[in-house]
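Remarks on the structure that follows.
The values are calculated or read from the model by the stated rules, or taken from the named source; none is laboratory data. Keep in mind it's a predicted model, so treat the numbers as computed, not measured. No Cβ is skipped: glycine too gets one built from the backbone with ideal geometry, and neighbour counts run over all protein chains shown. The accessibility values were calculated without ligands, DNA or RNA, using every heavy atom of the protein model including side chains. Shrake-Rupley method; radii C 1.70, N 1.55, O 1.52, S 1.80 Å.
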Amino acid sequence: MLRNFASLDYTSSLYRNIRREIEKMAEYTTREMVEAIELAPPVRNFLTRTFFPRERTHVAEKIEVDVKKGKRVMAPFVSPRIGGKVITRQGFQTNEFTTPRIAPERVMTIDDISKRTLGENVYSKKTPSEREDELLVDDLKELDDSIQRRVEWMCRQVIFEGKLDVVDKEAGVDFQIDYGFKNITVLTSDKYWSLSTVNPMPLLKKERRRIIKESGVAPDMLLFAEDTIDTFIDNPFIKEAMNIRNMQNIEIKPKIIDEALTFYGRIASLGFDIYSYNESFINDEGGEEDIIPSGACLMASSKGIGGLEFGLITQIEDKKFQSYEAKQVPKIYCNETSEVKTLRLTSRPLPKPDDIASWSVIYPNGQGE
């Protein structure tokens, strides 16, 4: 069955509500801007919205994260003469993590509001004040987009590595959030799926059963890197399963969902929908990387593996510290000497898995090959 994933193509109407509300404001107070931002539906990237769909805010910068491995315990038999038997609660480990701080800024100068903006009619009679309002809305959207790209990267790291490195060399920030994820299978050269003698199905079946046994979650999705999907569908054993009449265990009928996401088909006996995702990002070193690491295959539930936790945001306003329990908080501050107005958008997101045993990462032809 083809999953009903929302389009990755975000339309310009996304921020109409923000534009409408902000343009009404005579003064850009923080709470008014937070309310305006909340009016718009959240920008969602594929990994974020698929695997971390829930969102929750907190009243502290540090949050406690319960990391568990689920076990399915049966109720015990008891004698009619006794009241009952105690069964132990599922074990979990509680860690305290500092939510990473993200705070991109955009500067606005007199030149920005005095000259024609991109797309504005050459004979436009807009005032500098009107351009300021429009630039503010556009800048908010771009800052929000940059935050969402970082959140998507954070989700990528948690999914495929089980940990997150938070590094800012200039500010001296360097710490790691590690959930202890161990379900990474890197096949050796004699077990590569590209070999005509290797059948991928036993490993897929084994990993699916392990996930169900350890977490109680039934994975229903295989997500391949673009450079790995052909290895799977061209495997002789997979082709043979496709050609067995009346069985229809594996059906490959590619369908493009959008420019990055492709639905390939279904493995009926295991309940898997098969996808490939071809999207990239610019890393902190300026190089281009694929969102799905090269050579990787993700086995997970399309209902998600966790949620996003947002830490408390504190900033100085009117020479006093103000704290906000919110997903994002804007701030506008001015340097009257240099005639510069700066817009900052701050967020403290942390992707948190519910159960680290509920998904699996496979490298069918070796990691990164």
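Working only within the stretch 280-316, note down all residues that are touching a Phe, Trp or Tyr at 6+ places or on another chain (Cβ under 6 Å), farther than 23 Å from residue 230 by Cβ, outside any strand (DSSP E or B) and hydrophobic (A, V, I, L, M, F, W, C).
305
Which pairs turn up if I take residues in the stretch 249-262 that are exposed (fewer than 13 other Cβ atoms within 10 Å of the Cβ) and look for partners that are of a type in the set (D, E, K, R) with beta carbon separation below 9 Å, at least 6 apart in sequence or on another chain?
253/266; 259/9; 259/279
State which residue pairs qualify: first residue touching a residue at least 40 places away in the same chain (Cβ under 8 Å) and within 19 Å of residue 348 (Cα to Cα) and inside the stretch 158-184, second residue β-branched (Val, Ile, Thr) and in a loop (DSSP other than H, G, I, E, B) in any location, beta carbons under 6 Å apart, and separation of 6 or more residues or different chains.
What qualifies is 179/356.
Restricting to the stretch 274-292, give me the number of residues that are open to solvent by 30 Å² or more (accessible area, probe 1.4 Å) and β-branched (Val, Ile, Thr).
The qualifying residues number 1.
Do we find a residue being within 20 Å of residue 293 (Cβ to Cβ), without any contact (Cβ under 8 Å) to a residue 12 or more places away in the chain, part of a strand (DSSP E or B) and small (Gly, Ala, Ser) anywhere in the stretch 211-234?
No - not one qualifying residue is present in the stretch 211-234.
Among (1) open to solvent by less than 10 Å² (accessible area, probe 1.4 Å); (2) within 30 Å of residue 109 (Cβ to Cβ); (3) out of contact with any helix residue (DSSP H, G or I) (no Cβ under 8 Å at 6 or more places or on another chain), where does residue 171 come up short?
(1)
If I filter the stretch 229-242 for residues that are modelled with pLDDT of 90 or more, open to solvent by 40 Å² or more (accessible area, probe 1.4 Å) and β-branched (Val, Ile, Thr), do I get at least one hit?
No.
If I go through the stretch 317-369 residue by residue, how many of them are open to solvent by 50 Å² or more (accessible area, probe 1.4 Å), small (Gly, Ala, Ser) and not in a loop (DSSP other than H, G, I, E, B)?
1
Say we look at the stretch 263-273 and pick out the residues that are of a type in the set (A, V, I, L, M, F, W, C) and outside any strand (DSSP E or B); which of these is surrounded by the fewest Cβ atoms within 10 Å (Cβ to Cβ)? Before the answer, list the steps.
So the first thing to find is which residues in the stretch 263-273 are of a type in the set (A, V, I, L, M, F, W, C), and the list is 263, 267-268, 270, 272.
Retained after the next criterion (residues that are outside any strand (DSSP E or B)): 268, 270.
Working: 268: 13, 270: 19.
Step by step, filter the stretch 263-273, then rank; the result is 268.
(1) surrounded by fewer than 15 Cβ atoms within 10 Å (Cβ to Cβ); (2) outside any loop (DSSP other than H, G, I, E, B); (3) modelled with pLDDT of 95 or more; (4) not basic (Lys, Arg): which one isn't true of residue 204, the others all being true?
Among (1) surrounded by fewer than 15 Cβ atoms within 10 Å (Cβ to Cβ); (2) outside any loop (DSSP other than H, G, I, E, B); (3) modelled with pLDDT of 95 or more; (4) not basic (Lys, Arg), residue 204 violates only (1).
Go through the stretch 263-296 residue by residue and tally those that are among the hydrophobic types (A, V, I, L, M, F, W, C) and under 21 Å from residue 154 (Cβ atoms). I'd like the intermediate steps shown before the answer.
Our first condition is that a residue be among the hydrophobic types (A, V, I, L, M, F, W, C); within the stretch 263-296, this holds for 263, 267-268, 270, 272, 274, 281-282, 291-292, 296.
From what's left, under 21 Å from residue 154 (Cβ atoms): 281-282, 291-292, 296.
Adding up the residues that qualify gives 5.
Here are the criteria: (1) part of a loop (DSSP other than H, G, I, E, B); (2) at pLDDT 65 or above; (3) not β-branched (Val, Ile, Thr). Tell me which single one residue 129 does not satisfy.
All conditions are met except number (1).
Read through the list (1) under 18 Å from residue 365 (Cα atoms); (2) out of contact with any Cys (no Cβ under 9 Å at 6 or more places or on another chain), then give the number of the only condition that residue 215 fails.
All conditions are met except number (1).
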